[in-house]
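The values are calculated or read from the model by the stated rules, or taken from the named source; none is laboratory data. These numbers were taken from a predicted model, which means no experiment stands behind them. Cβ coordinates were reconstructed from backbone atoms using ideal geometry, including for glycine residues, and neighbour counts include every protein chain displayed.
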Amino acid sequence: MKKYIFLALVSLLSFKITSAQQNQASISFEKEVHDFGKIKEDGGKVEYRFIFTNTGQTPLIITKVQASCGCTSPSWTENPVMPGQKGFVNAIFDPQNRPGNFNKSITVESNAINSRVVLRIQGEVLAREKTINDIYPRAVGELRLQTNHFSFVTVYTDQVKVDTFKVFNSSKNQLKIGFSNVPAYIKLKPFPTILKPGEQGYILGEYDGTNVNDWDFVTDRVKILINDTEVENNTITISAKVQQNFSKLSPEQIKNAPKIEFDSPNHNFGKVKSSGKYEHTFTFKNSGNSELVIHKIKSTCGCTTVNPEKTILKPGESSTFKAIFNTSGMKGKQNKSIYVVTNDPNNSNIRLMISAEIEG
């Protein structure tokens with residue numbers, strides 16, 4: 001008897017579920033994937049309209065349509081779609097600056113029984129032919145540059161690093177290239193020195209890490225001279241991260257190296273007032289086996305530091321330096337960083353933190 005009651009209940013539940021499903025909207029797309037094939041990068045936006053039918057029994061409402069990236073701009077039928085009627089989801093793809101294959105999704109959410117449907121557009125963007133301005137996007141007068149930031153990335157203090165970047169004469173006249181404000185540890189040489197109209201050349205840069213009197217991120221601004229004359233926007237940035245080279249140290253030298261230790265690498269001032277200056281003293285020691293050298297201490301905006309009492313510490317010695325936090329113009333929670341550059345091979349660049357909650 002119990003078996004028959006159970007079967008009856010299951011049948012009744014199945015009937016109710018089926019009835020509920022029949023009384024819902026249902027979204028059916030003619031196709032869920034569209035292939036644009038090969039399209040040109042400079043050919044403008046392409047679009048495809050996905051057509052659907054409400055195959056259910058109640059009005060269909062699309063509640064949300066979201067593309068997988070900003071390069072696809074969807075639009076859709078925003079009014080309720082009656083049973084048996086059609087609607088659309090329109091996908092627009094912008095190929096500009098997106099050469100290569102693409103495969104993007106558009107997620108459609110609605111009140112239908114199949115409430116979430118994922119559509120896809122795909123294809124291949126054929127790269128446009130690059131212009132002179134694309135290849136050389138920066139300009140110093142009529143001299144076009146591949147870049148106005150000459151980055152040597154990492155330069156060790158026992159090496160001289162060489163790199164190049166390209167230049168192009170976009171004028172109808174010869175251009176003589178020269179430089180000013182070049183520091184002693186940097187050498188710049190154009191090849192050729194005089195560029196003919198429409199000629200490509202390059203600038204050879206040499207960064208002498210053995211001659212730099214600075215550490216960590218070092219930035220210089222050099223001026224390019226055209227025909228011995230300064231022109232508008234003629235400044236280029238030359239940067240490098242100057243580091244000590246520890247890769248040549250033997251295991252024995254590593255064992256006997258200096259070691260920097262701070263009493264605490266972080267300090268929280270708690271709640272402070274704006275337009276105030278708050279000081280904290282960081283204490284550190286050399287717990288290693290050879291002299292510790294503090295190469296540099298630098299801080300982020302809003303915080304300044306005072307040089308340590310000692311910058312060369314023998315094993316076992318301690319020293320301190322003061323950090324001054326200026327809260328002027330700041331509100332809310334603030335975190336500032338202080339970087340300490342040392343000759344400790346295991347802690348050559350230490351980050352300390354200062355924080356506070358600034359009350360307006």
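Quick notes on this one:
- If the condition is being closer than 24 Å to GLN334 by Cα, of a type outside the set (D, E, K, R) and surrounded by 14 or more Cβ atoms within 10 Å (Cβ to Cβ), then region 288-315 contributes ILE297, SER299, GLY302, CYS303, THR304, THR305.
- Selection over region 61-85 of residues that are in a strand (DSSP E or B) and without any contact (Cβ under 8 Å) to a residue 24 or more places away in the chain gives a count of 1.
- Failed item, numbered, when ASP214 is tested on (1) outside any strand (DSSP E or B); (2) exposed (fewer than 15 other Cβ atoms within 10 Å of the Cβ): (2)
- Residue in region 104-114 that is surrounded by 14 or more Cβ atoms within 10 Å (Cβ to Cβ), more than 30 Å from GLN24 (Cβ to Cβ) and within 27 Å of the chain's Cα centre (by Cα) present: no
- Top-ranked residue in region 31-60 [being of a type in the set (D, E, K, R) and assigned to a strand (DSSP E or B); ranked as nearest to ASN103 (Cα to Cα)]: ASP35
- Considered as a group, the residues in region 1-30 that are loosely packed, with under 12 Cβ neighbours inside 10 Å and outside any helix (DSSP H, G or I) include one that is modelled with the highest pLDDT, and that residue is GLU30.
- Considered as a group, the residues in region 239-287 that are over 30 Å from VAL160 (Cβ atoms), of a type in the set (Gly, Ala, Ser) and touching a residue at least 60 places away in the same chain (Cβ under 8 Å) include one that is surrounded by the most Cβ atoms within 10 Å (Cβ to Cβ), and that residue is SER274.
- When the strands (runs of 3 or more DSSP E) confined to region 318-360 are screened for residues that are in the same structural domain as ALA257 (by TED's automatic domain parsing) and free of Cβ contacts under 8 Å to residues at least 60 places away in the same chain, those reaching at least 1 such residues are found at 318-326, 332-342.
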